[in-house]
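The values are calculated or read from the model by the stated rules, or taken from the named source; none is laboratory data. Because the structure is a prediction, the values reported are computed rather than measured. Please note: Cβ atoms are built from the backbone with ideal geometry, for glycine as well, and neighbour counts cover all protein chains shown.
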Amino acid sequence: MTLTDPQARKNASFAFGLLAFAAGMVMLAYASVPLYRLFCQVTGFGGTTQVAKAAPDRVVERYVTVDFNTDTRDGLPWAFTADQRQVSVRIGEATLVAFTARNTSDAPVTGMAVYNVTPHEAGKYFMKTQCFCFEKQTIAPGQGVHFPVSFYLDPALADDPHLRRLTNITLSYTFFPLKPS
């Protein structure tokens, strides 16, 4: 058979299509994590908060209580707590809170925090201007470190009909152990 044969051309075309499909699937697999992260950051999906440069000019006279939850994963010998259990903030108002982590082991330990906001629908309105999340943090034995978080709730939250009865948001941080590099 040669490529001038109609069946050979059809088979070659089919084989090329399969190869292109397989290559596309491999590329999609490698791109899926960054694409998913970008999707979550843009939409607030899954409670992903947004990042902002500065607080807005508009402050709404509606208060929302923000509760703080802290956890550490197994293998991370840290005591990790929010300096305040909760704050009551006006929508659009810049707020600064802090968290404290203390290494309870006798060796330096490195960790990284991830976060989540619930209810998930509020994630797209939770705007951080300063955060320690997704950054490697190494704490010496017995040392305590304060981590500031600056945030505001986007004034567009007040205009969302699905969240008009929202009174509480929970910001959760979990620190995971990392191998030092």
Notebook entry, point to check: Is one or more of the residues making up the range 76-91 among the acidic types (Asp, Glu), without any contact (Cβ under 8 Å) to a residue 60 or more places away in the chain and on the phi < 0 side of the Ramachandran plot?
Noted result: no
Notebook entry, point to check: Do any residues in the range 148-166 that are of a type in the set (Asp, Glu) have Cβ atoms under 6 Å from those of residues that are at pLDDT below 95, where the two are at least six apart or on different chains, and which pairs are they?
Noted result: Asp154/Tyr125; Asp154/Met127
Check: For the range 132-147, how many residues meet the condition of being free of Cβ contacts under 8 Å to residues at least 60 places away in the same chain and closer than 22 Å to Gln84 by Cβ?
Finding: 8
Check: Among the residues of the range 126-148 satisfying the criterion of being under 20 Å from the mean Cα position of the chain (by Cα) and in a loop (DSSP other than H, G, I, E, B), which is nearest to Leu96 (Cα to Cα)?
Finding: Cys131
Next item on the list: Answer with yes or no whether Met1 is assigned to a helix (DSSP H, G or I) and either of a type outside the set (Gly, Ala, Ser) or at pLDDT 70 or above (or both).
Entry: no
Checklist line | Answer from Ala98, Ala107 - the residue that is more than 13 Å from the chain's Cα centre (by Cα), of a type in the set (A, V, I, L, M) and assigned to a loop (DSSP other than H, G, I, E, B) | finding: Ala107
Item checked: From Ala79, Ala15, Ala31, Ala55, residue being among the small types (Gly, Ala, Ser), surrounded by 10 or more Cβ atoms within 10 Å (Cβ to Cβ) and modelled with pLDDT of 80 or more -> Ala79
Next item on the list: Name the single residue, out of those in the range 105-149 being polar (S, T, N, Q) and more than 25 Å from Ser88 (Cβ to Cβ), that is surrounded by the most Cβ atoms within 10 Å (Cβ to Cβ).
Entry: Gln137
Margin query: Scan the range 86-95 and tell me whether some residue there is over 30 Å from Pro161 (Cβ atoms) and either crowded, with 16+ Cβ neighbours inside 10 Å or β-branched (Val, Ile, Thr) (or both).
Written below: no
Note to self: Any residue that is modelled with pLDDT of 95 or more and either outside the structural domain of Pro161 (by TED's automatic domain parsing) or among the small types (Gly, Ala, Ser) (or both) - is there at least one of those in the range 112-128?
What the structure shows: no
